[in-house]
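*Asks:* Okay, handing you the structure first.
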Amino acid sequence: MTKQVDKLLISLSVALVLVVVGFLYFQPTQSQATANVIFGKMTEWFGSGALLFTFLGFLLLVFVAFSKFGKIRLGNTTPEYSTFKWISMMIACGLGSATVYWAFIEWAYYIGTPGLGIEPNSQRAFEMALPYNMFHWGFSAWTLYALVGVPVCYHFYVRKNQGLSLSSIISSITGIKQNGVIGRIVDIMFIFICFGGLSITLGVSVPLVNEVLSSVLGIEPSFMMNIILILVISIVYSLSSYIGLQKGMARISNWTTKLAIILCIGVLITGPTFFIIANSTNAIGLMLQNFVQMSLFTDPIGQSGFPQSWTIFYWLYWITYAPFTGIFIAKVSKGRTLRSVISNTLISGSVGCFSFFGIIGSLTIDRQLTGVVDVVGMLGAGKDKGAIIEVLQTLPLSSIFMVLFCVVSLLFLATTLDGAAFTMASTATPKLKENEEPHPMHRLFWCVMLALVPLTMIFIGANLNTIKTSAIITGVPVIFIMIVMIVGWLRWMQKDFGHIPADKIEQISVAGIRQAGEDELKE
């Protein structure tokens with residue numbers, strides 16, 4: 001580990017966040033209105049570009065995975081983590097606890113306002129609700145993570161460039177100074193969107209867990225309970241971050257994934273089993289069948305606003321998560337091939353979401369169709385959290401499921417914040433090398449800040465949605481940063497391996513691992 005810290009970057013980033021929080025406190029209405037106007041213009045001007053960028057990015061990653069370049073190994077070593085732990089860490093970092101909320105409720109939004117020109121409240125609207133839910137959390141979302149993660153992997157492990165940050169890879173590609181004006185802007189933007197993106201996760205998840213837990217305990221939800229929950233989460237992920245990836249994040253991610261699997265299996269067994277299986281299968285088929293149309297749907301004739309409100313919004317939302325998730329994926333992927341990183345990010349991440357959303361979403365759809373819980377009606381009345389609680393209460397041993405729901409939500413949140421704190425510390429650690437990690441106290445600092453900022457916003461009554469919208473607006477220029485990274489990565493690959501046959505690339509990787517093993521024995 002290294003004790004180097006970029007104090008100027010930390011000071012400027014924290015100052016920007018505090019200024020934004022202060023503006024939200026003193027001008028709440030004006031700040032929300034301004035953010036919404038800018039967001040509306042951004043989706044109008046760059047919406048189609050965001051859709052094309054994501055779709056073409058997916059095709060590019062599939063091509064690279066199946067090409068000879070997929071055999072390039074990231075570092076002359078074997079993987080640091082077992083495949084299950086590796087996938088668990090990627091999923092746990094990339095999916096916040098808001099995932100649990102949206103798994104129950106997102107499909108219901110699409111009944112009254114469906115996409116693809118479907119008639120509202122129709123049978124087709126119900127049939128396409130879960131496929132759209134899966135689409136928004138599937139291949140395209142994980143594509144955006146991989147479009148950052150894979151270039152950073154190549155920069156760090158193949159090119160052996162120092163620095164695990166966006167500015168370091170931009171500097172390596174373009175030649176600009178990492179600590180120059182442009183490099184500083186890139187890193188400050190990264191840290192700001194980390195705070196903004198995570199604010200929505202905290203803003204959605206903590207009040208939901210508060211209500212579910214209060215329902216189990218038979219008490220009224222309270223502001224103090226929100227504070228207690230945030231403090232508990234902060235302690236968990238701070239301890240995890242302090243002791244490091246191997247002992248902390250890897251273990252918590254492992255537990256989170258296993259508990260999420262247990263929750264899904266429990267719902268599948270005790271819920272409407274055959275309906276869940278049939279509806280999930282049907283949803284996957286419809287999602288795959290309509291994937292291209294969903295990916296490029298802008299609705300220029302009907303002008304329903306669905307693509308702007310949902311798909312484009314989601315893509316920009318994932319882009320705000322992409323830098324820290326991508327950097328984290330790079331850090332834990334040492335020893336893997338580009339093919340395995342791409343395939344496991346796209347396939348394992350998506351399949352995990354399809355399974356989780358298929359089982360949980362189908363349960364709530366069944367409760368809607370059978371009239372047990374009017375999820376759509378409660379959502380329209382602003383009782384989204386109450387709908388989730390009522391659905392959970394329809395299960396046998398409902399109290400156990402509700403407690404498990406709370407534990408999974410809190411662990412998902414802790415692992416996401418842990419991953420964010422690690423990547424923020426990496427960004428503020430100059431010239432970080434392949435075998436180094438940021439200092440534990442540096443990681444702990446970002447853990448405290450990630451808890452303190454949302455707590456302050458909740459305490460002063462600031463609008464969490466405004467900082468979320470502000471972060472998503474920042475996602476638009478991040479697309480251009482990602483394009484620079486992707487072009488630079490492709491040029492590097494062509495220069496380094498374009499003239500080498502596929503079988504030789506594999507031999508180079510194997511020889512490198514053998515040499516590294518021999519060097520270790522000599523030491």
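The values are calculated or read from the model by the stated rules, or taken from the named source; none is laboratory data. The structure presented is a predicted model; accordingly, all values stated were derived computationally and were not measured. So basically every Cβ, Gly included, is an ideal-geometry build from the backbone, and we count neighbours across all protein chains shown. Just so you know, the surface numbers come from the protein's heavy atoms only, side chains and all, with ligands and any DNA or RNA stripped out. Shrake-Rupley method; radii C 1.70, N 1.55, O 1.52, S 1.80 Å.
*Asks:* Would you be able to tell me the number of residues in the range 166-182 that are of a type outside the set (A, V, I, L, M, F, W, C) and closer than 21 Å to Val150 by Cβ?
*Replies:* 6
*Asks:* While we're looking at this one, here's another question. Taking Val64, is it under 23 Å from the mean Cα position of the chain (by Cα), at pLDDT 90 or above and among the hydrophobic types (A, V, I, L, M, F, W, C)?
*Replies:* Taking the combined requirement at face value, the residue satisfies it.
*Asks:* Given the condition within 30 Å of Gly305 (Cα to Cα) and modelled with pLDDT of 85 or more, answer yes or no: does some residue in the range 5-28 qualify?
*Replies:* no
*Asks:* Contact list please: Cβ distance under 9 Å, first residue in the range 185-199 and without any contact (Cβ under 8 Å) to a residue 24 or more places away in the chain, second residue part of a helix (DSSP H, G or I), pairs at least six apart or on different chains.
*Replies:* From the range 185-199, the pairs are Ile185/Ser167.
*Asks:* Being among the aliphatic types (A, V, I, L, M), at pLDDT below 85 and over 20 Å from the mean Cα position of the chain (by Cα) is the requirement here; does Val232 meet it?
*Replies:* So Val232 fits the description; yes.
*Asks:* Considering the range 393-410 alone, what residues qualify as being small (Gly, Ala, Ser) and surrounded by 22 or more Cβ atoms within 10 Å (Cβ to Cβ)?
*Replies:* Passing the criteria: only Ser409.
*Asks:* A follow-up question, please. Being closer than 16 Å to Ser343 by Cα and either at pLDDT below 85 or not basic (Lys, Arg) (or both) is the requirement here; does Gly94 meet it?
*Replies:* So Gly94 fits the description; yes.
*Asks:* Still on this structure: Please state which one of Met128, Met90 is in contact with a Ser or Thr (Cβ under 8 Å, 6 or more places away or on another chain), farther than 17 Å from Tyr314 by Cα and buried (at least 23 other Cβ atoms within 10 Å of the Cβ).
*Replies:* Met90 is the lone residue from the list that is in contact with a Ser or Thr (Cβ under 8 Å, 6 or more places away or on another chain), farther than 17 Å from Tyr314 by Cα and buried (at least 23 other Cβ atoms within 10 Å of the Cβ).
*Asks:* Could you list, in sequence order, all residues of the range 98-112 that are over 16 Å from Glu390 (Cα atoms), modelled with pLDDT under 90 and not hydroxyl-bearing (Ser, Thr, Tyr)?
*Replies:* Ala98
*Asks:* Let me ask something else. Restricting to the range 171-185, name every residue that is of a type outside the set (Lys, Arg) and open to solvent by 10 Å² or more (accessible area, probe 1.4 Å).
*Replies:* Within the range 171-185, Ser171, Ser172, Ile173, Thr174, Gly175, Ile176, Gln178, Asn179, Gly180, Val181, Ile182, Ile185 meet the criteria.
*Asks:* Restricting attention to the range 431-443, does a residue exist that is part of a helix (DSSP H, G or I), over 21 Å from Tyr145 (Cβ atoms) and open to solvent by 40 Å² or more (accessible area, probe 1.4 Å)?
*Replies:* Scanning the range 431-443, I find at least one residue that is part of a helix (DSSP H, G or I), over 21 Å from Tyr145 (Cβ atoms) and open to solvent by 40 Å² or more (accessible area, probe 1.4 Å), so the answer is yes.
*Asks:* May I ask you to say which residue of Ser214, Ser205, Ser168 is assigned to a helix (DSSP H, G or I), open to solvent by less than 10 Å² (accessible area, probe 1.4 Å) and free of Cβ contacts under 8 Å to residues at least 12 places away in the same chain?
*Replies:* Every option except Ser214 fails the conditions.
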